[in-house]
Amino acid sequence: MTALTAPSIGKYLGTNLHLLPQTDQLRALHTVIRDRNARREDFVFHSGRIIRLLIEAGLNLLPYEPHDVRTPVGSEYHGLRLAAKLCGVPVVRAGESMESELRAVCPGIPIGKILIQRDTTTKLPKLYYTKLPRDIDERHVLLLDPMLATGGTALAAIEVLLERGVAEQNIIFVNFITVAEGVSAVCERYPRVRIVTSSIEERLNENAYMLPGIGDFGDRYFGTDA
Ligand code: PRP
Ligand code: URA
């Protein structure tokens with residue numbers, strides 16, 4: 001969280017990089033899930049609350065158009081409505097932890113899948129499987145992955161979307177925590193992709209895990225760390 005002082009990524013804030021307001025409530029939620037002794041149900045519940053905030057922040061970045069309605073007392077309300085077709089794409093596995101919150105906010109949203117796993121030794125991403133809506137090139141994509149560490153997985157996932165014709169500026173990467181290396185990797189290669197996150201971590205360790213970090217998000221969320 002102190003890493004925002006890193007001049008290398010400060011320049012991306014507010015344009016490419018959208019950091020949730022660092023409120024005491026958010027920090028309290030993070031405190032629960034960062035505790036190594038957190039019970040799984042607490043991890044899932046409290047991370048879910050943060051994911052909801054992230055999804056809402058991602059939806060703020062979409063285009064809206066004027067839409068007037070008449071109120072029950074006969075006045076006109078000059079409102080807005082979403083002016084884009086949407087799609088969610090979780091990076092399997094950990095990204096699937098974000099899917100239910102997206103579905104809750106956007107019922108009926110088409111959901112694609114990209115399965116990428118980091119090799120446990122080299123930490124390099126390997127693409128195994130892709131299934132995306134046929135018309136994804138006409139959609140704005142909320143790409144879901146809670147962890148942006150070295151950036152290898154995110155770059156591979158973005159590459160898949162671009163190959164399927166998605167416009168770079170139509171990709172919003174909804175992410176739980178990140179670190180300068182991951183932000184730089186994405187923003188330098190794909191400057192029109194926007195990242196929404198709840199925390200910028202201090203650094204990566206020698207195993208490409210973020211510090212202070214959360215540990216292995218997928219294992220903790222899905223209970224495979226026992
Ligand atoms: C984790 C995480 C990201 C990736 C980030 O996935 O969910 O996809 O690591 O790391 P990177 O930025 O260094 O590429 P992992 O491959 O561990 O699989 P999982 O989803 O099954 O936990
Ligand atoms: N994946 C995780 O689950 N955690 C990290 O810190 C980095 C990658």
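The values are calculated or read from the model by the stated rules, or taken from the named source; none is laboratory data. As the structure is a computational prediction, the values presented were derived from the model and not from experiment. As a convention, Cβ positions derive from the backbone with ideal geometry for all residues, glycine included, and neighbour counts pool all protein chains shown. Accessible surface areas use protein heavy atoms only, side chains included; no ligands, DNA or RNA. Shrake-Rupley method; radii C 1.70, N 1.55, O 1.52, S 1.80 Å.
Here are a few things to note about the model shown:
- Residue in region 49-63 that is in contact with a strand residue (DSSP E or B) (Cβ under 7 Å, 6 or more places away or on another chain) and charged (D, E, K, R) present: no
- Of the residues making up region 12-28, those that are of a type outside the set (Ser, Thr, Tyr) and either open to solvent by less than 80 Å² (accessible area, probe 1.4 Å) or at pLDDT below 95 (or both) number 9.
- Flag if residue 188 is of a type in the set (Asp, Glu) and farther than 29 Å from residue 39 by Cα: yes
- Among (1) of a type in the set (A, V, I, L, M); (2) closer than 29 Å to residue 161 by Cβ; (3) at pLDDT 95 or above - the single one residue 4 does not satisfy: (3)
- Cβ-Cβ contacts under 6 Å between residues 6 or more apart (or on different chains), taken from a first residue in region 164-182 that is in contact (Cβ under 8 Å) with a residue 12 or more places away in the chain to a second residue that is of a type in the set (Lys, Arg) and more than 11 Å from ligand 2 (Cβ to nearest atom), are listed as 168/192; 169/192; 172/194.
- Residues of region 152-172 classified as within 16 Å of residue 137 (Cα to Cα) and either within 12 Å of ligand 1 (Cβ to nearest atom) or not in a strand (DSSP E or B) (or both), total: 14
- Filter pass, residue 116 being surrounded by 14 or more Cβ atoms within 10 Å (Cβ to Cβ), farther than 21 Å from residue 149 by Cα and of a type in the set (Val, Ile, Thr): no
- Scanning region 98-127 for residues that are in contact (Cβ under 8 Å) with a residue 40 or more places away in the chain and more than 9 Å from ligand 1 (Cβ to nearest atom) turns up 98, 99, 100, 101, 102, 104, 105, 106, 114.
- When residues in region 141-166 are screened for being away from ligand 2 (no atom under 16 Å from the Cβ) and open to solvent by 30 Å² or more (accessible area, probe 1.4 Å), 5 of them pass.
- In region 123-137, the residues that are assigned to a loop (DSSP other than H, G, I, E, B), open to solvent by 80 Å² or more (accessible area, probe 1.4 Å) and more than 13 Å from ligand 2 (Cβ to nearest atom): 134
- Qualifying residue in region 175-182 (condition: of a type in the set (D, E, K, R), open to solvent by 40 Å² or more (accessible area, probe 1.4 Å), at pLDDT 95 or above and away from ligand 2 (no atom under 13 Å from the Cβ)): no
- Only one of 54, 62 that is outside any loop (DSSP other than H, G, I, E, B) and surrounded by 12 or more Cβ atoms within 10 Å (Cβ to Cβ): 54
- Every residue from region 184-222 that is more than 11 Å from ligand 2 (Cβ to nearest atom), open to solvent by less than 30 Å² (accessible area, probe 1.4 Å) and outside any helix (DSSP H, G or I): 190, 193, 195, 196, 197, 198, 199, 200
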